[in-house]
Amino acid sequence: MSVLGPETSSATGLEPFRRRLDQLDGEIAGRLGERFAICREIALYKREHDIPMMQPDRVAQVRARYLDRGAEVQLPADFTADLFELLIAATCRMEDELIAAQASAAGDASLVRDVRGEAPQASAAEDASLVRDVRGEAPQATREELWP
């Protein structure tokens, strides 16, 4: 019998499994972060091109693929479906917020230009810049400056 007790010696045998789970959890979090970053890019693209946030056909395609892939690796179907619904809800909410933030900034900029008697600007980036100037916020790099 171990000085630390039988539970501790048994738990020690679990350490390799726990380390592997910790590693996998880190990889999953990293992949989810990548997925959200891509969804932010998609939201910016949709905003710039006046594409509706919700794309029901695409959602259906991705859902079917999730369910198929989950079945291939023997995940419970309800878990796979719930995970998909959670991801879609979070990314759609994020896209809505990003698109709405731009619409709000464009509306704010339009109001500022009206008050100043200025002519309308040509781009959403100029609108956002004007709003940041009025609010005293620091300038932000545009998407084009970040990813030429």
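The values are calculated or read from the model by the stated rules, or taken from the named source; none is laboratory data. Predicted, not measured: the structure shown is a model, and the values here were computed from it. FYI the Cβ positions are ideal-geometry reconstructions off the backbone, even for glycines, and counts take in every protein chain you see.
Consider region 51-69 and keep the residues that are in contact (Cβ under 8 Å) with a residue 12 or more places away in the chain and not aliphatic (A, V, I, L, M). The one that is surrounded by the most Cβ atoms within 10 Å (Cβ to Cβ) is 66. Just one of the numbered conditions (1) in contact (Cβ under 8 Å) with a residue 24 or more places away in the chain; (2) exposed (fewer than 11 other Cβ atoms within 10 Å of the Cβ) is not true of residue 48: (2). Is there any pair linking a residue in region 74-93 that is in contact (Cβ under 8 Å) with a residue 12 or more places away in the chain to one that is of a type in the set (Ser, Thr, Tyr) and part of a helix (DSSP H, G or I), with Cβ under 6 Å and at least six apart or on different chains, and which? That search, which allows pairs on different chains as well, returns 80/66; 84/66.
Region 37-148 holds helices (runs of 4 or more DSSP H) entirely within its bounds, and those carrying 3 or more residues that are at pLDDT below 90 and more than 21 Å from the chain's Cα centre (by Cα) map to 77-116, 124-135.
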